[in-house]
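A short worksheet on the structure shown next.
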């Protein structure tokens, strides 16, 4: 962390933290919207007349997958808020240290949800 001439964190440190928080919020909203689209995807396929002459089975998998993405989006927003508050407190105490563990968990959850989407789409082939 860079310090101002007075010894504390610079305003740019706080602004960078705020930009990161807003990125978490933007991403969480996108993930929740994607969850909505996934949950309605099978309904769309069932309503399209003669979609390649196939019948899409109504298993409910896309609804659960969409719900999982919506929940993940909500949790991502909570995680982003927690990171923001934690970073502000650390900056004020002038003892900021990077904590990559949360990012690893978010990354792994994203990979698992991505695999679930691929498996769900492979069932349509």
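Fully extending the segment from residue 64 to residue 26, taken as 0.36 nm per residue of separation minus the present Cα-Cα distance, adds 11.4 nm.
Does region 70-125 classify as rounded, prolate or oblate by the C-alpha gyration tensor (a ≥ b ≥ c root eigenvalues; a/c under 1.5 gives rounded; else a/b over b/c gives prolate, otherwise oblate)?
prolate
Over region 11-122, the Kirkwood radius and the radius of gyration, each from Cα atoms, give a ratio Rg/Rh of 1.16. Which whole-angstrom value gives the distance between the alpha carbon centres of region 10-25 and region 68-104? Using only Cα atoms, the two centres lie 11 Å from each other.
Read-outs throughout are calculated quantities, based only on the coordinates presented, and are distinct from any laboratory measurement. As the structure is a prediction and not an experimental result, all values here were calculated from the model.
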